[in-house]
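Notes to accompany the following structure.
Bear in mind these aren't lab numbers, they're just calculated from the coordinates by the rules spelled out. Quantities reported herein were computed from a predicted structural model and do not represent experimental measurements. Note that we place each Cβ from the backbone using ideal geometry, even for glycine, and neighbour counts take in every protein chain shown.
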Amino acid sequence: MSELTIKRGTKVDAADAASIDKSKLGILLAKPPQNETEGQAAYSGYTQCPWCGHVGWTVGLDTNYYVNIVCGACGGYFRA
């Protein structure tokens, strides 16, 4: 059985959140999308919100740098 990997986010403070480009935000979802096309989506995986602890599926992650994410449960901004 394989182990579940969860990427832990880091909080974005209010001053930095104001400068985030909202069109490039990743979104923390409750579960993976049902109809994701192979090879067309960015890297995705499980992520944990540092504000509320919600663990969900995030599309748009990158293995080379952190991306900004908005939590679908509490609305907090974080990086993962």
What is the distance, in nm, between label points placed 7 Å from the Cα along the Cα-to-Cβ direction at Leu4 and at Ile20? 2.3
Computed from the beta carbon distance with a Förster radius of 30 Å, FRET efficiency for Ala30 and Asn64 to the nearest 0.05 stands at 0.65
Extension gain from Trp51 to Asp13, taking 0.36 nm per residue of separation minus the Cα-Cα distance: 12.6 nm
Cα lying deepest toward the dipole's positive end in the chain, options Ile20, Thr5, Thr58, charges on Cβ: Ile20
Order the peptides 24-31, 3-10 from the highest to the lowest mean number of other Cβ atoms within 10 Å of their residues. 24-31, 3-10
Helix-derived mean residue ellipticity, 222 nm - over the chain, DSSP H n ≥ 4, -39500 (n - 2.57), to 500: -500 deg cm²/dmol
